[in-house]
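Notes follow once the structure below has been shown.
The values are calculated or read from the model by the stated rules, or taken from the named source; none is laboratory data. No experiment lies behind these values; they were computed from the predicted model shown. Please note: Cβ atoms are built from the backbone with ideal geometry, for glycine as well, and neighbour counts cover all protein chains shown.
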Amino acid sequence: MKKLSCDIIENSNTIQNWLKQFDSEDINSAIELLLNLRFVSKEDFLSFISSKIEELYQDVQTPIALYSIRKNDLIKKEVLSLWNADGSLIKRPGKSLGSEDFVYSVINTLHRQQENLLDHPDITELRVKKVKHIVFIDDNIGSGNRVKTFLESFFMNKAIRSWWNYGLIKIHILSYTRNKSSENEILKSIPGKNHNKIKIRKNKKVFFISWY
């Protein structure tokens, strides 16, 4: 992965303008933060995501549903569900959404290469194609709050909850990087229990995949 150097920071007008928001005593800390950042190219991200989904598809040989994880502010507080009443997905805002837009384009590319990799399917398509594996994709998972909020909205559908409770679907959370401490926080947002007496425990149906 690439990183910034002192020369790049000093000679970049964009970075210098960004640094102007900090008080003088905080400038050095901000620069130190920039020097510790690591950057992944779009090509590397696409290659990693594609390879992991290809591995899963070769293993299961059934249609796989792909969803980009939406940011918290894209799911309005008054909207409890990711789904409309007819089982279709609620619409995304028309404005640019940064890294989420890129993840959407990656999913679209994968779908065009293999039609059994489904691009944000609705409830009807999930049912008709008997989808058993659902992959949620993000670029980076930090605290896990964004994924948690998204999954809570995803499960706000009776059909989804029914398939999940009967063990008919499994969830794969795929990101280039993730903070492993976020896993417990994310698991809390998913229905089910991990008690030994439960026939299909929740943590046996959720898989985390990342480069590191």
Could you grab the pairs with beta carbons closer than 9 Å, sequence gap of 6+ or different chains, first residue in the range 35-64 and exposed (fewer than 10 other Cβ atoms within 10 Å of the Cβ), second one part of a helix (DSSP H, G or I) and at pLDDT 95 or above? none
In the list 193, 202, 158, 197, which residue meets the criterion of being farther than 16 Å from residue 54 by Cα, in contact with a Gly (Cβ under 9 Å, 6 or more places away or on another chain) and free of Cβ contacts under 8 Å to residues at least 24 places away in the same chain? 202
Can you confirm whether the range 181-196 contains a residue that is assigned to a loop (DSSP other than H, G, I, E, B), at pLDDT 95 or above and buried (at least 16 other Cβ atoms within 10 Å of the Cβ)? no
Exactly one of 174, 151, 118, 168 is modelled with pLDDT of 90 or more and in a helix (DSSP H, G or I), and that one is 151
Options 124, 109; residue that is at pLDDT 95 or above, assigned to a helix (DSSP H, G or I) and of a type in the set (Ser, Thr, Tyr): 124
